[in-house]
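Novice: Encoded as structure tokens, here's the structure I'll be asking about.
The values are calculated or read from the model by the stated rules, or taken from the named source; none is laboratory data. Quantities reported herein were computed from a predicted structural model and do not represent experimental measurements. Here the Cβ is made from the backbone with ideal geometry for all residues, glycine too, and neighbour counts use every protein chain on show.
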Amino acid sequence: MIPGFMTLGAATLAMPSDHRGQRALLRVAGVGTILAGGFRCSDMSCPDPTKDREATATDSAHAIASIVTFVAWTLLPVVDASHRQSPTSRAITVGNGVATAVGFITAGLTHRSDDPNKGIAQRVFLGSVFAWYVINAIRRLSRPSGIRAR
């Protein structure tokens, strides 16, 4: 998983953006992803530093980096929608933002649960985050060169 974290973090840092707020969030998410990958969990269960006695300092560092990254990912569609001119583009981005926020909130609420299905909300959250990346890549590729988005 570490190469995946590092690759996603580097790709996020390199992702172009014409909007200052979005660029800032991409930098936070990129660095956070790299740090979350660098601070590996001490165990496959990824101990929760707030409730597991066996959690280590690297578990805490991983958790903090992950939370910061998750917050940046949740804010990205909101900031993106704020500067979209096309009603269709804005609607798609707002819909993605709602799905991301709901996934993030639900994952947070179920994080401490012992329910074996608690990971579903996190996967919904990550799916909507990755959908945002794909949507933005398609937008950038479909724009005629030299034309900046507003």
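One line per residue, one yes/no per condition, for (1) over 15 Å from the mean Cα position of the chain (by Cα); (2) of a type in the set (Gly, Ala, Ser); (3) at pLDDT 85 or above; (4) part of a loop (DSSP other than H, G, I, E, B):
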{"site": "ALA81", "(1), (2), (3), (4)": "yes, yes, yes, no"}
{"site": "ALA91", "(1), (2), (3), (4)": "yes, yes, yes, no"}
{"site": "ASN96", "(1), (2), (3), (4)": "no, no, yes, no"}
{"site": "THR100", "(1), (2), (3), (4)": "no, no, yes, no"}
{"site": "ALA107", "(1), (2), (3), (4)": "no, yes, yes, no"}
{"site": "SER113", "(1), (2), (3), (4)": "yes, yes, no, yes"}
{"site": "PRO116", "(1), (2), (3), (4)": "yes, no, no, yes"}
{"site": "GLN122", "(1), (2), (3), (4)": "no, no, yes, no"}
{"site": "PHE125", "(1), (2), (3), (4)": "no, no, yes, no"}
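Novice: Being in contact (Cβ under 8 Å) with a residue 24 or more places away in the chain, assigned to a loop (DSSP other than H, G, I, E, B) and crowded, with 17+ Cβ neighbours inside 10 Å is the filter here; which residues of segment 21-77 pass it?
Specialist: PHE39, the sole residue that qualifies.
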